[in-house]
Amino acid sequence: AQKVTQAQTEISVVEKEDVTLDCVYETRDTTYYLFWYKQPPSGELVFLIRRNSFDEQNEISGRYSWNFQKSTSSFNFTITASQVVDSAVYFCALDSGSGSRLTFGEGTQLTVNP
Amino acid sequence: DTAVSQTPKYLVTQMGNDKSIKCEQNLGHDTMYWYKQDSKKFLKIMFSYNNKELIINETVPNRFSPKSPDKAHLNLHINSLELGDSAVYFCASSQDWDPLYEQYFGPGTRLTVT
């Protein structure tokens, strides 16, 4: 069985602060993929990143960075110098490859205040 | 051009009615999905089709019947609507059912059953 836990239900920061969204996953598969999606107030789901289980290299994309650690089964997401437009619900998801099915975490509501 | 489109965007109906939600993708993908997002924002897969064949059916009541007339379309028909069916329904597609390929989501259909 797969499970994704995002323990932070809501986070509120002030603009320009750095913020880290936590994601812990469970799977018995050795091959799996981890994802982050963003859901802004408009409601659509926006793909941010995919990581496979064999690639533990951290990734940076502009103000976004991701820290994948297999030893702790975590795939955390950091936004540097947050902006009001970053306000959204962020979902971490897992797909272990046994027939493509994304298992989502509960989501973290991030509010960036001006 | 919209990659994954859904109609309608909003659907308000009474208990006991039958309704359909349509989904179309113009990405040339082989695999399509339906997800349900409840009032607490929790996202859960319902169905997955690959090349018009059902590959995932996640213990969804048989009042829900997906239909894939061709690879570009996956419609969701719901019979005898219940209050608990109120949710946002997302259609998604991916190039193939291998999790190597990310899923692209439609804008969602907000279903309200009164």
(message) So in segment B:1-28, with the set limited to residues that are aliphatic (A, V, I, L, M), more than 11 Å from chain A (Cβ to nearest Cβ) and part of a strand (DSSP E or B), which one is least open to solvent (accessible area, probe 1.4 Å)?
(response) B:I21
(request) Go through segment B:75-99 and give me each residue that's touching a strand residue (DSSP E or B) at 6+ places or on another chain (Cβ under 7 Å), within 14 Å of chain A (Cβ to nearest Cβ) and of a type outside the set (D, E). (result) B:A87, B:V88, B:Y89, B:F90, B:C91, B:A92, B:S93, B:S94, B:W97, B:P99
(message) The conditions are (1) more than 10 Å from chain B (Cβ to nearest Cβ); (2) at pLDDT below 95, and A:T78 fails exactly one of them. Which is it?
(response) (2)
(message) So in segment A:73-95, with the set limited to residues that are buried (at least 22 other Cβ atoms within 10 Å of the Cβ) and small (G, A, S), which one is farthest from B:Y33 (Cα to Cα)?
(response) A:S82
(message) Take the residues in segment A:99-113 that are part of a strand (DSSP E or B) and polar (S, T, N, Q); name whichever of them is nearest to B:F105 (Cα to Cα).
(response) A:T103
(message) Tally up the residues in segment B:85-98 that are at pLDDT below 95 and either more than 15 Å from B:F47 (Cα to Cα) or open to solvent by 10 Å² or more (accessible area, probe 1.4 Å) (or both), please.
(response) 4
(message) Please verify whether A:E44 is away from chain B (no Cβ under 14 Å), surrounded by fewer than 19 Cβ atoms within 10 Å (Cβ to Cβ) and modelled with pLDDT under 95, treating the condition exactly as stated.
(response) no
(request) Could you list all residues from segment B:57-74 that are charged (D, E, K, R) and either more than 8 Å from chain A (Cβ to nearest Cβ) or open to solvent by 50 Å² or more (accessible area, probe 1.4 Å) (or both)? (result) B:R63, B:K67, B:D70, B:K71
(message) Only one of A:D86, A:D29, A:D95, A:D18 is away from chain B (no Cβ under 14 Å) and either in contact with a Ser or Thr (Cβ under 7 Å, 6 or more places away or on another chain) or closer than 20 Å to A:A1 by Cβ (or both). Can you tell me which?
(response) A:D18
(request) State all residues of segment B:101-114 that are at the interface with chain A (Cβ under 7 Å from one of its Cβ atoms) and either more than 10 Å from B:V4 (Cα to Cα) or open to solvent by less than 40 Å² (accessible area, probe 1.4 Å) (or both); if no residue qualifies, say none. (result) B:E102, B:Q103, B:F105, B:G108
(request) State whether one or more residues within segment B:34-49 are more than 12 Å from chain A (Cβ to nearest Cβ), surrounded by fewer than 17 Cβ atoms within 10 Å (Cβ to Cβ) and farther than 23 Å from A:S96 by Cβ. (result) yes
(request) Would you list the strands (runs of 3 or more DSSP E) that sit entirely within segment A:1-98 and hold 1 or more residues that are touching a Pro at 6+ places or on another chain (Cβ under 9 Å)? (result) A:10-14, A:33-39, A:46-52, A:88-95
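The values are calculated or read from the model by the stated rules, or taken from the named source; none is laboratory data. Everything quoted here is computed from the prediction, not taken from an experiment. Cβ atoms come from the backbone with ideal geometry, glycine included; neighbour counts cover every protein chain shown. For accessibility, only protein heavy atoms count, side chains too; no ligands or nucleic acids. Shrake-Rupley method; radii C 1.70, N 1.55, O 1.52, S 1.80 Å.
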